[in-house]
Every structure is written in structure tokens, then in C-alpha cells.
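What follows is a single structure, written as C-alpha cells, with notes after it.
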Amino acid sequence: MKHLETDLIHAGTEFNSTKAVVTPIFQTSTYFADENPEKYIEAATQPKHPEFYHRHGNPTNSQVAAILAKLEKTEEAIVLATGMAAISTAILAAVKSGDHVIAQNSHYSGAMLFLKDFLSEYGIEVTHVDQTDNSSFVEAIRPNTKLIYIETPSNPNLDITDLAFVGKLGKEKGILTMVDNTFASPINQVPTEFGIDVVIHSATKYLGGHSDLTAGAVCGPKEFIEKVWRKSITLGASLSPFDSCCYYEAENSFTTRETD
């Protein structure tokens, strides 16, 4: 059975086509068109293809995403330029005008502004509930509820939400569940083990660890991550390969933290 440290070191190595032990920074916006038209079309249309155009994908970013998917025990992941890019793009991939979202009262301020101000301008209703009262989530459900969005522990108050309850509720009602796992990190908490569908991170914080990058991540089922990817190539919040490499080195430092 592989340990977490093994995934941190070896996950995603298929995206490193070189013999370099340290993941290279693939600093290019565009790749040469393949002489085979079918392969070129495949690269242009395949979600997250690492060698077509940077906004679509990047080998350095792909390796980081693969590591995060392993840590959060999801099928896929995608990395974006900021935590708010991850939050906003994931939510917009889940809901549209006329849909209803259930969110908790205690959220990161940027996420709260997005939920309260931005979504209402596009015809998406949001109900905020007391996350310490499980029944409030049940009472808030409407026929058009498509998403339950939570954050635990919350930033900055460290309020706690019952992941197991929300995960079970989402499965029973057929509602997508999404959690911001930034403050706990997958080292301390794996939301998918409690039935949560999608996990979001502001990697600027614990996953980055050194205050030298801004980044975000969305981890979840392959089908949903493809939706996030399609939104991201339109919204354009691509992560720099330089930041992605810092991200990768910070993730690998977890292995030394565990053994110190």
C-alpha cells in the first residue's frame, strides 16, 4: 500500500517527459503543431492537454494537479492562478441562472463577496445557513438547489461544518457538494472520505507554505473537472509554470515535515 509521501514524490511523473529529477518549468505559451492533423485536433480539444496552448494545459501544472488529486483522493484536479479563481470557476461550472446554492454563514471574505454579490447579478440565488446547525441545510433545500458550498475550518474564524452530514445529504438529494479545504489541507482532512464531491484550495496558504506564490486548485470527479477546465479556458485564470514549480517543491517538502 502506497503512503502519502510516495504520492507526493512520484504522482504525475508521466507529465515529465525529460530525465530531470526535479520537474522542469515548461515556460512556453504554444507548442509546435503536430504534423499529424488528427493528433493536433486531439490536442486542441482534449481537456487539460499539457502540450497545446498554456491556457489549455502545461506539463508542470499537470504534474502538480496529479499530486493534488492523489492527496484528495479524487479522479482529477486542475490548478489555477489564485484561490478565488478556483472558487469562482468551480462554482460557475456547477450552477447557472435560475439555480439555487446553499452556503454557510462563515466563509472566506472573497468567497462571501462572490456568493452574495456576483452570483445574484447573474440570476443565481444563494441561501446562507448556520453551519453549526445541520437541520438548517435540510430546511434550505429547494427544488432548484444544485450546490451546497461549505468551508471547514473556515477562514479566519475556524468555524467547523459537519462534512459527513453534508456529504450524506448531498448524495441523498442529488445535490453537488463542494468544500474549501484550504485551512485543513489534505494532510489533516480528506473531504471525499466523508462523501464530499468537490474539494477546493487556495494553495497560496498551506499548500504553498512559503508566502511566495498565489495559486488555487479544484479536485473532483473527472467529468466535473472537465467542466471546470472548459470554464477556465474562457475565464483565463491560468497558473504560471513558475508558480506551479514553487507549488510542486512546497508539496514535496511535506515529506520532510513528516519525518523531522
Checklist entry - Counting only residues 5 or more places away or on other chains, whose amide H sits under 5 Å from the amide H of A215 once H atoms are built in the peptide plane? => result G83, A203, T204
Checklist entry - What is the helix-to-structure angle for 83-94, meaning the angle in degrees between its Cα long axis and the longest Cα principal axis of the chain, kept from 0 to 90 and rounded to the nearest 10? => result 70 degrees
Checklist entry - By how many degrees, 0 to 90 and rounded to 10, does the Cα axis of helix 163-173 deviate from the longest principal axis of the chain? => result 80 degrees
Checklist outcome for this item: The long-range amide H neighbours of H128, using H built 1.01 Å from N in the peptide plane and a cut-off of under 5 Å, are A103
Checklist entry - Going out from 0 in 5 Å bins, what whole percent of all Cα-Cα distances in the stretch 30-259 drops into each bin? => result 1, 7, 15, 19, 19, 16, 11, 7, 4, 1, 1, 0
Next on the checklist: Once the cut-off is 23 Å, how many percent of the Cα-Cα pairs in the stretch 44-141 end up in the long-distance tail?
Outcome noted: 42 percent
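Values in this text are rule-based calculations from the coordinates and carry no lab data. Every value quoted in this text rests on a predicted model; they were computed, and no experiment measured them.
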